[in-house]
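The values are calculated or read from the model by the stated rules, or taken from the named source; none is laboratory data. Please read these numbers as outputs of a predicted model, since none were measured by experiment. FYI the Cβ positions are ideal-geometry reconstructions off the backbone, even for glycines, and counts take in every protein chain you see.
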There are 2 protein chains.
Amino acid sequence: MKALLKSGVALAAAHAIPLAASANDELLVMEKNAAWYVSPTLDYANTRYSTLTQINKDNVGDLQVAWTFSTGVLRGHEGAPLVIGDTMYVHTPFPNIVYALDLNADGRVIWKYEPKQDPDTIPVMCCDTVNRGVAYGGGKIFLHQADTTVVALDAKTGEVKWSTKNGDPKKGETGTNAPMVVKDKVIIGISGGEFGVRGSVTAYNMETGKQEWRAYSMGPDSDTLLDPQKTTHLGQPVGKDSGTATWEGDQWKIGGGTTWGWYSYDPELDLIYYGSGNPSTWNPVQRPGDNRWSMTIMARDPDDGMAKWLYQMTPHDEWDYDGVNEMILADIPVKGQDRKVLVHFDRNGFGYTMDRATGELLVAEKFDPAVNWATHVDMKTGRPQVVDQYSTHHQGEDVNTTGICPAALGTKDQQPAAFSPQTGLFYVPTNHVCMDYEPFRVSYTAGQPYVGATLSMYPAPGGTHLGNFIAWDAGKGEIVWSLPEPFSVWSGALATAGGVVFYGTLEGYLKAVDADTGAELYRFKTPSGIIGNVMTYTHQGRQYIGVLSGIGGWAGIGLAAGLTEDTAGLGAVGAYKALHNYTQLGGQLTVFALPQ
Amino acid sequence: MKALLKSGVALAAAHAIPLAASANDELLVMEKNAAWYVSPTLDYANTRYSTLTQINKDNVGDLQVAWTFSTGVLRGHEGAPLVIGDTMYVHTPFPNIVYALDLNADGRVIWKYEPKQDPDTIPVMCCDTVNRGVAYGGGKIFLHQADTTVVALDAKTGEVKWSTKNGDPKKGETGTNAPMVVKDKVIIGISGGEFGVRGSVTAYNMETGKQEWRAYSMGPDSDTLLDPQKTTHLGQPVGKDSGTATWEGDQWKIGGGTTWGWYSYDPELDLIYYGSGNPSTWNPVQRPGDNRWSMTIMARDPDDGMAKWLYQMTPHDEWDYDGVNEMILADIPVKGQDRKVLVHFDRNGFGYTMDRATGELLVAEKFDPAVNWATHVDMKTGRPQVVDQYSTHHQGEDVNTTGICPAALGTKDQQPAAFSPQTGLFYVPTNHVCMDYEPFRVSYTAGQPYVGATLSMYPAPGGTHLGNFIAWDAGKGEIVWSLPEPFSVWSGALATAGGVVFYGTLEGYLKAVDADTGAELYRFKTPSGIIGNVMTYTHQGRQYIGVLSGIGGWAGIGLAAGLTEDTAGLGAVGAYKALHNYTQLGGQLTVFALPQ
């Protein structure tokens, strides 16, 4: 790898891999180049595991800041920059600027793309003006703007190659998630579960921007791209129009199930994986039934979008436990057997291990002991066993159900976990927050909030801390170690072959811990709270660690949007009020390296 | 010093110096504590020289970033934080937030003061929404807001002790300069020379906020606080109403001479020093005469504001060469004699050395060989010998006079120089920019721009670089060494007893150079362009270097305000267009230290 990096010629050659009709060969080669950071998820498997070892557990304590870059934008900075060759691609929250920075010149700006977007998009973004990053494929950088415009930029010049609209902000549809490039397609999700948006995933042709397929989370089979016979749920065919059958009337048309999380791809099985979000409205009484396929893990064929299997984790959600969190693809032993699994840490507080080929449920265990809304998951039916005391439907409309754990933002939200094949452990940034939840009747108006619940959040019982950073054995479904954090860990983790795991905190610390023990090896106070994902790359033989600072996101919405009412920000503001004592709005990249 | 710092008790005792009726005893003691950074100018003498030596020319190359803080505000960050004891006070541009940060807790926010200000103040700020910092005195932090409100905050709690209005933004009067506390008074200037504001300096009682005196730059003697007999100009009494006698009609009432630079104080002579800005309008044809006392160095009694002596550097300005730059008080040899001098690097490109007791002119030499508007200063009359070719009055209204050096933003603007008694040299951040200047007739309307000239700026002939960082021998009036910089050096310098000089660049580099030779010893790319002033302090025995990043100010106004026309931003935008290739808007504090 280093030899490659030291030779400009070799690099150029690597960059110039002849592009076949499909881009995934290119990306599969590129993601094996650990010097680069090609995908917002590091790799198709979403491991966020780097094989780089220059920075390791013996020397990470010597880390220092190598260079920094202000993005020129404040508010929540989720996601991570990409590095391809000598260029770094940095994205920002609304207005979704993309910078190409020259790594040979201390981050000099090669090009800047700043879309013109209607600021009226901001009020329909439920949980800050975040964007989770850009994707690369076929010499292009793909950006999914807040206003749902999908744009392809020439990676060398920033020139717009094509642009298309994925949705309509006037209906509450917005763009926050990072695209994923698979084969010749750009896969895009949608946000807006709090506005009655019916979620979908759409594939666009990478070269032309033409829509290839769209799979809705609910609706008739022609919309959901389900085969009544071939598509299975825990091994059983889903049957005809399963995406409308568990809904009352036309509620599915404004049924939520948005798709704003991280996407995975298994090239061998040729399946993409993602999860769908909450059913709309948040008032469960207004939408009896299982509300399929909200809250569902989906495995689909990237060529035509047809679903191979589904698994609904939280039928008839009563707590806003969106199922959008990432699926990490790994080969690990489960109950003594080597299995090809996906591991998913759900908002509902259960860590799921599934056979990723068949959708068989292997493990479903709480990854925070505070979780109380369900006693356990029935491994046969896959259904969580809900506790009446914490059932907001059972308690009823206009009743304040108290002490529910986790809170709506889940035991984990979008902040992605990492997996180290070296330790066999998953490293999970978590929330340790509970809530009161009072559903109320709400009527639908396009583009208006369609929430129907008042929430307030607070630390889980027995302490004041709002988060933990944990190591998880997904074969056993057990916490191996857990580091309490004063606030939720809203940053994505990075594991490395150097035996180190990195994550950021809402106060702004970048932390490095021992992958085996969790012992803290390094911390540094970056300019603002970290909700971005830690990334790594090498340049001219030197390994770097990078992370975006910029407080915001759902947990930081009080600071980001200047909200002070405890129940504002969908109930999150109260719990995180003390944050302003630690950090202020920002928007900076901080890049670390060892002393030379 | 270190012993003091190691003892919390000793620190507390030092902090608890009994306050006499006057605060200057307290400040004189405090500014000798090199561990602290008590004043925005480091000391009353404006030397910006620290006696700290832990970081020195042998080890400064090992410097690394210790911690960072995002201010939550974008645009130009001028000035520097203060450090008193374990607390750092950080200010921001509009809306002029002040943070008290706990140095014992990685910059945790102890208190935050955020004034509510009318955003309509922003358009009457000629050269970005900058603020040059807060001052300390008598347990209070003094802030001069953009809307000219002067506010006294309890240093421990941030509680407002008193508040008063120094001017009226509706007339174009704004606040940008840092207050100076002298004895029991807070001394405040005013900005707005581009709006026909008549400049003044005002002293407020430190404890009550009551106005004690106000000295206008022009007007009758009762306004200017001049004594016709006792106040001298180059040794001669100024005579009666000298502040109206050189004006046509009532033009002096909208005559400019604003007072937005750095202030100095000599406790022995009991004199304060500052300079006045351009006469209004920028069209010289509209205001015949010398336009006294615009463009003037003033020495005044802090108790009653009466002027002891004056010196007008640029009579009848035709180029906007404001005389507001700082006076550095030093005791140096001049022509073989030890003299108590003030040294002033004027916008007009001349470096002046004067006897600070008498106002005798000792040296006046160009500190950039590009300066061409005058051949030299007549040492007897003190008048610059103007070259007709570059006289915008001589060329006349509606004529574009080309190739004038320096440009309106001067060979140096607000960016303060430093003086090292160790080397005897002055370290000066400079501009190397020339201009075309076309005056035109303009009529006065309160609160509207009253400029009357169209400008465009570009690099001085013979190169493409826009700045130099120079070492200057003020006894001889000679450049000792000069470091070319791609852009103007708009950051304030810091010299230390470690033999190092620090400054920042518009691309965002903090640089450390050898005080003797100018050899670069260290550079680091901070998040955004630096127009702040480098400061230093020690905490728990460790020396730190701090600097604010945040591109803006006059040189950075194109980026800061999103202007793209070459002649916008009073002509500055064109020259600095390439800046966006290097840096973006920011607002961060970066604090450096040696590895532990």
request  = Would you be able to tell me the number of residues in the stretch A:210-225 that are of a type in the set (Phe, Trp, Tyr) and without any contact (Cβ under 8 Å) to a residue 60 or more places away in the chain?
outcome  = 1
request  = Kindly indicate whether B:Ala408 is part of a loop (DSSP other than H, G, I, E, B), touching a His at 6+ places or on another chain (Cβ under 7 Å) and either under 30 Å from B:Thr41 (Cα atoms) or modelled with pLDDT under 95 (or both).
outcome  = no
query = Can you name the condition, by its number, that B:Thr401 falls short on among (1) surrounded by fewer than 20 Cβ atoms within 10 Å (Cβ to Cβ); (2) free of Cβ contacts under 8 Å to residues at least 60 places away in the same chain?
reply = (1)
request  = Being within 30 Å of B:Asn283 (Cβ to Cβ) and buried (at least 24 other Cβ atoms within 10 Å of the Cβ) narrows it down to one of B:Phe426, B:Phe419, B:Phe487, B:Phe440, so name that one.
outcome  = B:Phe487
task = Tell me which residues, restricted to the stretch B:307-334, are crowded, with 24+ Cβ neighbours inside 10 Å and among the small types (Gly, Ala, Ser).
result = B:Ala307, B:Gly323
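Rundown of residues vs (1) touching a helix residue (DSSP H, G or I) at 6+ places or on another chain (Cβ under 8 Å); (2) at pLDDT 95 or above; (3) outside any strand (DSSP E or B); (4) farther than 24 Å from B:Gly76 by Cα, yes/no style:
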position: B:Val181; (1), (2), (3), (4): yes, yes, no, yes
position: B:Thr208; (1), (2), (3), (4): no, yes, yes, yes
position: B:Leu226; (1), (2), (3), (4): yes, yes, yes, yes
position: B:Gly243; (1), (2), (3), (4): yes, yes, yes, yes
position: B:Glu248; (1), (2), (3), (4): no, yes, yes, yes
position: B:Thr259; (1), (2), (3), (4): no, yes, yes, no
inquiry  = Among the numbered criteria (1) surrounded by fewer than 19 Cβ atoms within 10 Å (Cβ to Cβ); (2) in contact (Cβ under 8 Å) with a residue 24 or more places away in the chain, which one does B:Asp147 miss?
reply    = (1)
Conditions (1) in a loop (DSSP other than H, G, I, E, B); (2) within 24 Å of the chain's Cα centre (by Cα); (3) farther than 19 Å from A:Ser528 by Cα; number of the one not met by B:Gly158 = (2)
ask   = Which of (1) within 13 Å of chain A (Cβ to nearest Cβ); (2) under 29 Å from B:Asp184 (Cβ atoms) does B:Ala155 not meet, given it meets every other one?
value = (1)
request  = Considering (1) more than 14 Å from every other protein chain (Cβ to nearest Cβ); (2) more than 27 Å from the chain's Cα centre (by Cα), say which one A:Asn56 fails and leave the rest.
outcome  = (2)
note = Expected output for the stretch A:63-79 (first residue more than 9 Å from chain B (Cβ to nearest Cβ), partner crowded, with 24+ Cβ neighbours inside 10 Å and among the basic types (Lys, Arg), Cβ below 7 Å, 6+ apart or cross-chain) is A:Glu78/A:Arg132; A:Gly79/A:Arg132
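Per-residue answers, yes or no, for (1) of a type in the set (A, V, I, L, M, F, W, C); (2) out of contact with any strand residue (DSSP E or B) (no Cβ under 8 Å at 6 or more places or on another chain); (3) buried (at least 24 other Cβ atoms within 10 Å of the Cβ):
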residue: A:Phe195; (1), (2), (3): yes, no, yes
residue: A:Ser200; (1), (2), (3): no, no, yes
residue: A:Gly219; (1), (2), (3): no, no, no
residue: A:Gln229; (1), (2), (3): no, no, no
residue: A:Pro237; (1), (2), (3): no, yes, no
residue: A:Gly243; (1), (2), (3): no, no, yes
residue: A:Gly256; (1), (2), (3): no, no, yes
residue: A:Tyr263; (1), (2), (3): no, no, yes
residue: A:Asn278; (1), (2), (3): no, no, yes
query = Of (1) in contact (Cβ under 8 Å) with a residue 40 or more places away in the chain; (2) surrounded by fewer than 24 Cβ atoms within 10 Å (Cβ to Cβ), B:Gln337 satisfies all except one. Which?
reply = (1)
task = Please work out which residue is surrounded by the fewest Cβ atoms within 10 Å (Cβ to Cβ), limiting yourself to the stretch B:542-596 and to residues that are in contact with a Lys or Arg (Cβ under 9 Å, 6 or more places away or on another chain) and without any contact (Cβ under 8 Å) to a residue 24 or more places away in the chain.
result = B:Thr564
key: Subset of the stretch B:118-135 (residues that are more than 16 Å from B:Leu74 (Cβ to Cβ) and either within 14 Å of another protein chain (Cβ to nearest Cβ) or surrounded by fewer than 24 Cβ atoms within 10 Å (Cβ to Cβ) (or both))   = B:Asp118, B:Asp120, B:Thr121, B:Pro123, B:Val124, B:Cys126
task = Search the stretch B:559-596 for residues being in a strand (DSSP E or B) and out of contact with any Phe, Trp or Tyr (no Cβ under 6 Å at 6 or more places or on another chain), and hand back the single one that is farthest from the other protein chains (Cβ to nearest Cβ).
result = B:Phe592
key: Count - residues of the stretch A:339-367 that are in a strand (DSSP E or B), touching a Ser or Thr at 6+ places or on another chain (Cβ under 9 Å) and of a type in the set (Lys, Arg)   = 2
query = If you scan the stretch B:293-338, which residues turn out to be of a type in the set (S, T, N, Q) and assigned to a loop (DSSP other than H, G, I, E, B)?
reply = B:Ser294, B:Thr314, B:Asn325
request  = Those residues that are away from every other protein chain (no Cβ under 11 Å) and on the phi > 0 side of the Ramachandran plot, I need them from the stretch B:517-555; list them, please.
outcome  = B:Gly518, B:Gln540, B:Gly541, B:Gly552, B:Gly553
ask   = Does the stretch A:44-61 hold any residues that are touching a residue at least 60 places away in the same chain (Cβ under 8 Å) and farther than 27 Å from A:Lys185 by Cβ, and which are they?
value = A:Thr51, A:Leu52, A:Thr53, A:Gln54, A:Ile55, A:Asn56, A:Lys57, A:Asn59, A:Val60, A:Gly61
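Is it the case that some residue within the stretch B:489-504 is within 14 Å of chain A (Cβ to nearest Cβ) and more than 18 Å from B:Phe426 (Cβ to Cβ)?
The initial filter retains those residues of the stretch B:489-504 that are within 14 Å of chain A (Cβ to nearest Cβ), namely B:504.
So of that shortlist, the ones also more than 18 Å from B:Phe426 (Cβ to Cβ) come out as none.
No, that holds for no residue.
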